[in-house]
Every structure is written in structure tokens, then in C-alpha cells.
Amino acid sequence: MTNCLLCHNILTPLFQFSDIFLSRKPRETVCRDCWTQFDVISETHCQICYKPDITGTCNDCQQVTNPIPHRAIFHYNEFAKFYFQTYKFQGDFRLRSAFNTVLTSSLKKQLIVPIPVSPERLQTRGFNQVAGFLSSAKLPFLDLLIKNEASHQSLKTRTERLTSDNPFTLKDKAEIPDKLVIIDDIYTTGATLRHAASLLKNAGCAHVSTFSLFR
């Protein structure tokens with residue numbers, strides 16, 4: 001039987017927390033075969049938002065005044081969807097360590113602000129998936145933002161995402177550094193990251209960039 005967490009979840013789709021305690025052998029997070037199914041974004045991408053298969057700047061970024069520079073690592077392909085279904089929605093928290101090396105090499109020595117989840121979502125899910133990534137990679141981060149409850153982004157159309165109100169507020173007495181990178185798990189339209197970036201820039205942060213594992 002495979003000793004990889006993702007392979008195990010493919011073979012046994014219904015994850016149970018007893019799996020953590022009853023497993024006799026420690027499992028590796030992602031085996032070589034699974035890892036090759038994460039599709040790294042090539043050098044051909046939008047130079048601002050990392051939209052794949054774009055030379056120069058994409059049409060969306062050309063229409064935005066003062067776009068926020070973004071960086072991403074992987075395409076959000078079908079295997080990535082399976083990974084997030086298992087980690088984020090089925091709650092296999094062990095999978096948070098899958099990207100430790102990638103995150104450490106990409107974000108070392110930077111001041112990081114993770115996108116938060118609302119208190120209601122945190123209570124339901126039990127964890128913030130982005131903070132889980134950072135904590136596993138031993139990357140310190142600044143907890144500056146509060147997210148108000150709203151419907152899942154995945155349930156919204158593209159237009160609804162782009163026209164939605166800013167769901168974030170700053171925590172009381174938050175001290176805003178001059179330079180920050182905001183991190184989320186998945187970039188779809190960029191609306192979530194732009195809302196957070198706008199709030200931090202208006203609060204006095206002069207240099208804001210954004211990062212996501214998947215695009």
C-alpha cells in the first residue's frame with residue numbers, strides 16, 4: 001500500500017481523523033508521482049498577475065490602474081483541485097506540509113500577511129488553510145486582517161467576485177510596515193488579494209505585492 005497522503009486519499013476518499021492516530025507508519029505528504037502532477041507555471045505568463053500562457057501583460061492587467069504585482073507557482077489544474085478538496089474541505093490538515101520547500105524558497109525574509117478566513121468559516125473548517133501552510137513551513141507572518149463572513153468565492157461568478165465589496169478590515173491597533181506580501185492559496189480573479197492590498201495600502205503600506213501557490 002502507498003505511504004503518500006495524497007495517494008492514500010485517492011484510494012480511500014473518505015478521510016477520517018482516526019487515520020492520523022491509527023496509522024502505524026508515518027506517511028510522506030506527497031510522493032514523487034503525485035508531485036509531478038502539480039503543474040509549474042512556465043516563463044510564459046503575464047508579467048503582472050502571472051496568468052499563464054501570456055506574453056507581456058494580459059488584457060485584465062492593462063485595464064487596471066496601478067495593478068498589484070503578483071507571483072504564483074502552479075497552475076490550478078484538476079490534481080490541484082483534488083489536493084484542495086482533501087486538504088481544505090475534507091480537512092486533512094496533514095497535507096499543509098506539502099509545499100514547505102516551495103514556500104520557504106519563495107517567501108524567505110519577507111513580511112507576510114496571510115488572507116484570513118472569517119470566524120464563522122474558521123469554526124466550521126477548524127483551521128485557516130493559508131496559515132497552515134505558513135506555520136508548517138516555519139514562516140512567521142503578521143495577523144493584520146479580519147475577514148467578514150460572506151458566501152464562498154467558489155460559489156460566485158467572475159462578475160460577482162470582481163464587483164463584491166471589500167470583505168476585510170484591519171485589526172485594532174495594527175502596525176503597518178512599509179513593505180508587505182499578501183499570500184493566498186489560489187488566485188482566480190485576484191479580487192480577494194486586491195481587496196486586501198487596497199486596505200493595507202490605504203493604511204500606509206507603501207509597497208504591497210501578492211503571492212499564491214496556485215493560479
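The values are calculated or read from the model by the stated rules, or taken from the named source; none is laboratory data. Note that the coordinates shown come from a computational prediction; the quantities given were computed from them, not determined experimentally. Positions of Cβ are generated from backbone atoms using ideal geometry, with glycine treated the same way; all protein chains shown enter the neighbour counts. Just so you know, the surface numbers come from the protein's heavy atoms only, side chains and all, with ligands and any DNA or RNA stripped out. Shrake-Rupley method; radii C 1.70, N 1.55, O 1.52, S 1.80 Å.
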Could you work out how far apart the two model spin labels at Ser198 and Lys179 are, taking each label as a point 7 Å from the Cα in the direction of the beta carbon, and quote it in nm? 2.6 nm
Equivalent ellipsoid semi-axes for region 63-127, as square roots of 5 times the alpha carbon gyration tensor eigenvalues: give them largest first, rounded to whole Å. 23, 17, 15
Pairwise centroid distance, computed over Cα atoms, of region 55-125 with region 160-215, Å: 13 Å
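Skip the ligands, DNA and RNA, and give the accessible area per residue of region 63-215 with a 1.4 Å probe, whole Å².
50 Å²
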With respect to the cross-link table entries Lys88/Lys138; Lys108/Lys201; Lys88/Lys201, which display a Cα-Cα separation exceeding 25 Å? Lys88/Lys201
In whole Hz and in residue order, list the ³J(HN,Hα) couplings for region 122-137 that follow from phi through the Karplus curve 6.51 cos²θ - 1.76 cosθ + 1.60, θ = phi - 60°; x for Gly and Pro. 4, 5, 6, 7, x, 6, 8, 4, 6, 4, x, 4, 5, 5, 5, 7
Determine ³J(HN,Hα), in whole Hz, for all residues of region 169-181 in sequence, where each value follows from phi through the Karplus function 6.51 cos²θ - 1.76 cosθ + 1.60 and θ = phi - 60°; x replaces Gly and Pro. 9, 7, 5, 4, 6, 5, 8, 9, x, 7, 9, 9, 10
By DSSP, what percent of the beta bridges with both residues in region 76-215 are antiparallel, rounded to the nearest 5? 25 percent
